[in-house]
1. Can you give the alpha-carbon Rg of the chain over 2.2 N^0.38 Å, where N counts its residues?
2. Sorted by packing (mean other beta-carbon atoms within 10 Å per residue), highest first, where do 12-20, 140-148 land?
3. Carbon and sulfur atoms: what percent of the 1.4 Å accessible area of the chain do they account for?
4. Among the listed pairs LYS18/LYS101; LYS50/LYS129; LYS58/LYS101; LYS18/LYS96; LYS142/LYS193; LYS27/LYS142, which have their C-alpha atoms separated by more than 18 angstrom in this model?
5. Hey, what number do you get for the chain at 222 nm if only DSSP H runs of n ≥ 4 count, each worth -39500 (n - 2.57), divided across all residues, to the nearest 500?
6. Solvent-accessible area per residue for the chain at a 1.4 Å probe radius, Å²?
7. Between 0 and 90 degrees, rounded to the nearest ten: what's the tilt of helix 37-52 against the longest Cα principal axis of the chain?
Amino acid sequence: MSRLFEAIPFVENVLYEKIISDISTQKYSIIDNFFTNAEVLALRESLLHKYEEDTFKKSAIGNKVNEVVKKAVRGDIILWIDERFINAAEQLFFNKINDLKDYLNRTCFLGINQKEFHYAIYPKDTFYKRHLDTFQNDDRRKLSFVCYLNSEDWKPENGGELVLYLDKEDKIIYPFPGKIVIFESQIIEHEVKPVNTPRMSITGWLKTR
């Protein structure tokens, strides 16, 4: 794999370099408009179509080894995205994710070789209490990733803001469409505040083996 990277001419990506700089200095990065309006619309329509097909399921706490649904902790419903069976909108999503992953591996030697992503809908009055994106029996998740798919008229009063709990000052992030948030899974505790309007996103993790 290293020889393959050496054979490919390296072109610096300013946006990716910002993400790397942010994560190295503050353990998180926030990028507005990482996905275009057209890409967000296509992904939102894909999410809603699959929701209408009743393929979403209630989220749970823990991984497959220790999974239990707890309404008092989180209330979102999710649908895992299998990259082997994706539509055109999801293909565009994974093209960008894979490009970023490859760049991170080449420049930062992170050893990311796995990923997992799911659609997420937070119905009205649901939330996700403060937590870490890692498990006692599985520490492969390295970077957490959230892409917001809400409508263009989303307002702060709609709720559902993401709170990153940091050492000096907590960071509040409103889920405006096209925005992505990337942060270190094993370091930053975070929370989704109660939503007043259904909140839509793609959430996932870049993982080591």
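1. Details: Rg = 16.8 Å, N = 209, 2.2 N^0.38 = 16.8 Å.
Here the answer is 1.00, to two decimals.
2. Working: 12-20: 13.6, 140-148: 22.2.
Per-residue mean Cβ counts within 10 Å order the peptides as 140-148, 12-20.
3. Values: 5930 of 11390 Å².
Carbon with sulfur: 52 percent of the solvent-accessible area.
4. Numbers: LYS18/LYS101 14 Å; LYS50/LYS129 26 Å; LYS58/LYS101 29 Å; LYS18/LYS96 16 Å; LYS142/LYS193 23 Å; LYS27/LYS142 11 Å.
The answer is LYS50/LYS129; LYS58/LYS101; LYS142/LYS193.
5. Details: 4 runs with 56 residues, N = 209.
Taking each H run of at least 4 residues, the total per residue is -8500 deg cm²/dmol.
6. It amounts to 55 Å² per residue over the chain.
7. Long axis of 37-52 versus the principal axis of the chain: about 50 degrees.
The values are calculated or read from the model by the stated rules, or taken from the named source; none is laboratory data. From a predicted model like this one, the values you see are computed outputs, not experimental measurements. Cβ coordinates were reconstructed from backbone atoms using ideal geometry, including for glycine residues, and neighbour counts include every protein chain displayed. Heavy atoms of the whole protein, side chains included, go into the accessibility calculation; ligands, DNA and RNA do not. Shrake-Rupley method; radii C 1.70, N 1.55, O 1.52, S 1.80 Å.
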